[in-house]
Amino acid sequence: MLRYLVLRLAGVIPQLLLISLLAFVIMKSAPGDPVASLVGGREFMTQADYERVARNLGLNEPVVVQYGRWLGNVLQGEWGHSIQDGRKVSTVIAGALANTALLIGVAGVGIVLVSLIAGHLAGTRAQRPVDYIVSAAALVSFATPAFWLGLLLILLFAVVFDWLPSSGLVTLGSPDTLVTRLQHLILPVATIILAHAGPYVRLVRGSVRDVLASDYYRAAVARGLPRRILMWRYELPNALTPFITWCGVSLPLLVGGAFIVEWVFSWPGIGLLFLKAAIAKNYTMLMAAVLVTGAFVIIGNLIADLLVAWLNPKLRRQYGHR
Amino acid sequence: MKKMNPLLNVKQLSVRYATGADEVRAVDEVSFSIRPGEVVGLVGESGSGKSSVAQAILGLLDQHNTTIAGRIEFDGENLFSCDESGWNAVRGRRIGMIFQSPESSFNPVATVGAQMVEALRWHFKLAKVEARQRALAALREVGMPRPEEVMHNYAFELSGGMCQRAALALVMALQPALVLADEPTASLDVLAQAELVQWLALIQKKRGFAMLVISHDLNLVARLADQVLVMHGGRLLEKGATRRVLANPQHPYTEQLLRAVPRLITADMRTHNDHSVKNGVVLP
Ligand SMILES: Nc1ncnc2c1ncn2[C@@H]1O[C@H](COP(=O)(O)OP(=O)(O)OP(=O)(O)O)[C@@H](O)[C@H]1O
Ligand SMILES: [Mg+2]
């Protein structure tokens with residue numbers, strides 16, 4: 001198992017390098033001018049000032065040199081300062097990452113619970129009313145875009161009923177307690193779960209049906225084992241492997257969805273930061289956001305793969321101690 | 001031999017599957033009985049409804065697209081009136097079942113030992129250590145080499161023959177009064193087949209449980225069974241003592257079945273005769 005872990009970890013570094021290089025090149029070739037956007041437009045600066053600022057920021061050098069210097073600094077733990085306001089990138093990113101991790105973490109746990117429970121209910125009661133309801137709901141979820149659902153929920157719960165806050169982490173001028181923080185979490189988390197759970201539910205339903213139709217499940221029933229054992233030792237562990245694999249594979253979709261939701265709900269996470277930095281061509285911030293997102297997805301994938309390997313006796317034996 | 005009350009009594013059993021608009025009559029008013037300690041062979045070509053009979057006995061048929069009619073009594077009890085906990089007390093513990101493909105009948109994420117211990121603990125309410133001891137004893141009883149090691153093995157780590165013997169041990173550990181064996185040798189190579197049949201015959205003789213052996217291999221049935229049932233298209237065409245049916249078939253279909261394996265049957269009839277006479281089975 002350790003050997004497997006080391007092998008997989010070694011693969012992460014080239015992946016991150018590739019992501020950063022691609023992001024750098026794309027960003028540099030996109031239209032827009034970071035120096036001009038600092039003062040609101042090229043026409044507000046003299047040519048001499050413009051060149052001085054560009055030189056200070058190292059923007060007059062070839063792209064390859066800029067990338068090399070950026071990479072060298074990052075490897076030394078120096079992420080630079082925001083071109084927009086001079087704040088340390090590492091501080092800003094850390095704060096945003098915590099917010100995004102909270103959002104995706106809570107929503108992820110929600111998706112796992114919803115899809116395992118709904119998938120179990122539909123899979124074990126296939127072609128009965130529960131199954132039809134769950135499957136129809138999954139289809140609706142599959143077809144609903146997150147941003148549209150987010151706006152709908154805001155309209156309903158924040159504007160019409162005024163039960164929940166519609167944006168941000170906290171409401172300015174109101175007390176900041178655990179309860180208000182949770183209230184701010186409800187709508188964005190609900191949006192992610194409702195807009196994303198569909199395919200997960202369908203997958204679990206299918207896996208559960210496969211297990212129930214399997215020889216080993218039938219043999220276990222023929223052995224007189226009670227429901228409790230059939231569910232926890234046969235159905236769940238065997239349905240879990242394809243589910244976790246899919247969780248890993250679909251993580252980029254989920255992160256993308258969460259970024260959109262951050263924008264809809266002004267949730268101060270990586271996604272919102274990314275969007276603002278992209279508009280301002282704030283390349284130090286943008287690169288950090290891309291790299292952190294890439295690392296998040298890659299590490300998530302790695303955890304999923306490790307879990308799958310650990311759940312699979314064949315792989316466990318291959319890399320194990322025995 | 002004193003005539004005993006039947007252990008299993010199947011009366012007018014019919015099984016129909018709904019497949020879309022169509023309906024398959026898989027089993028059509030089949031009646032037979034098995035006495036305690038008796039081995040009954042059920043033969044017939046593929047699709048004749050043999051597995052459906054076995055699955056009906058254990059209540060394994062999916063109730064959604066299946067219609068069952070008739071009555072099955074086990075030890076005087078009507079099985080069709082069982083609720084869930086009633087079935088759980090019968091399945092495994094009083095009626096065991098051996099399936100055709102040994103590897104796929106084990107949970108892929110649990111060891112052989114874990115599955116034996118799990119079933120033993122559930123049915124006999126045993127402590128873990130005690131369940132382990134009984135599992136080991138059952139593996140030894142079926143002649144499993146290195147049983148301690150096999151306890152820690154997954155099914156994919158065992159050969160087909162070893163796997164089927166582990167499956168046999170799992171059934172035996174629960175000490176059922178009746179064993180349903182649905183094509184137990186069909187997926188094994190010839191050597192493993194011979195070995196399994198040998199162990200099956202030995203243990204059956206020693207323990208004296210009743211058995212329903214399903215097979216299209218007449219050779220296997222001739223070797224093990226006291227009585228033979230011949231099925232075709234869901235109907236029971238012929239039943240009787242093994243020797244009588246194989247030597248003197250009454251139905252043309254049975255004759256046809258026999259002609260398909262002439263050489264093997266004649267070779268085997270001799271051993272079967274010795275065996276059945278020794279057992280004191282009443283021959284016609
Ligand atoms: N779940 C099911 N749904 C629909 N039809 C089925 C189902 N199970 C069996 N059948 C049909 O019922 C008939 C009898 O099947 P069964 O499996 O009992 O036969 P069998 O004698 O055991 O055959 P084999 O030797 O191939 O195992 C077949 O025509 C089969 O196609
Ligand atoms: Mg069959």
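The values are calculated or read from the model by the stated rules, or taken from the named source; none is laboratory data. The structure presented is a predicted model; accordingly, all values stated were derived computationally and were not measured. Cβ coordinates were reconstructed from backbone atoms using ideal geometry, including for glycine residues, and neighbour counts include every protein chain displayed. Surface accessibility is based on the protein's heavy atoms, side chains included, excluding ligands, DNA and RNA. Shrake-Rupley method; radii C 1.70, N 1.55, O 1.52, S 1.80 Å.
Side notes on the structure shown:
- Out of B:143, B:113, sole residue that is more than 18 Å from the chain's Cα centre (by Cα), at pLDDT below 95 and more than 16 Å from ligand 1 (Cβ to nearest atom): B:143
Residue by residue, here is whether (1) within 23 Å of residue B:209 (Cα to Cα); (2) under 16 Å from the mean Cα position of the chain (by Cα); (3) within 9 Å of chain A (Cβ to nearest Cβ) holds:
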| site | (1), (2), (3) |
| --- | --- |
| B:67 | no, no, no |
| B:133 | yes, no, no |
| B:138 | yes, no, no |
| B:165 | yes, yes, no |
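- Checking residue B:24 against (1) open to solvent by 20 Å² or more (accessible area, probe 1.4 Å); (2) of a type outside the set (Gly, Ala, Ser); (3) at pLDDT 95 or above; (4) within 16 Å of ligand 2 (Cβ to nearest atom), the condition it does not meet: (3)
- Number of residues in segment B:183-216 that are in contact with a strand residue (DSSP E or B) (Cβ under 8 Å, 6 or more places away or on another chain) and open to solvent by less than 60 Å² (accessible area, probe 1.4 Å): the value is 11.
- Some residue of segment A:204-212 being of a type in the set (S, T, N, Q), modelled with pLDDT under 95 and out of contact with any strand residue (DSSP E or B) (no Cβ under 8 Å at 6 or more places or on another chain): no
- Hey, residue B:175 in a helix (DSSP H, G or I) and among the polar types (S, T, N, Q) or not: no
- If the condition is being away from chain B (no Cβ under 14 Å), free of Cβ contacts under 8 Å to residues at least 12 places away in the same chain and part of a helix (DSSP H, G or I), then segment A:168-223 contributes A:178, A:179, A:182.
Per-residue answers, yes or no, for (1) within 13 Å of another protein chain (Cβ to nearest Cβ); (2) over 27 Å from residue B:189 (Cα atoms); (3) basic (Lys, Arg):
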site	(1), (2), (3)
B:64	yes, yes, no
B:70	no, yes, no
B:96	yes, no, no
B:116	yes, no, no
B:121	yes, yes, yes
B:124	yes, yes, no
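- Selection of segment A:224-256 for residues being of a type outside the set (Gly, Ala, Ser), buried (at least 16 other Cβ atoms within 10 Å of the Cβ) and in a loop (DSSP other than H, G, I, E, B) yields only A:225.
- Qualifying residue in segment B:230-243 (condition: of a type in the set (Gly, Ala, Ser), away from ligand 1 (no atom under 16 Å from the Cβ) and buried (at least 19 other Cβ atoms within 10 Å of the Cβ)): no
- Near pairs, Cβ below 7 angstrom, 6+ apart or cross-chain, from segment A:119-139 (within 14 Å of chain B (Cβ to nearest Cβ) and among the hydroxyl-bearing types (Ser, Thr, Tyr)) to any residue that is assigned to a helix (DSSP H, G or I) and open to solvent by 40 Å² or more (accessible area, probe 1.4 Å): A:124/A:212
- Number of positions in segment A:224-244 that are touching a strand residue (DSSP E or B) at 6+ places or on another chain (Cβ under 7 Å) and more than 8 Å from every other protein chain (Cβ to nearest Cβ): 0
- Taking the numbered list (1) in a strand (DSSP E or B); (2) surrounded by fewer than 18 Cβ atoms within 10 Å (Cβ to Cβ); (3) away from ligand 2 (no atom under 16 Å from the Cβ) in turn, residue B:10 passes all entries but (2).
- Residue B:74 vs. criteria aromatic (Phe, Trp, Tyr) and within 9 Å of chain A (Cβ to nearest Cβ): no
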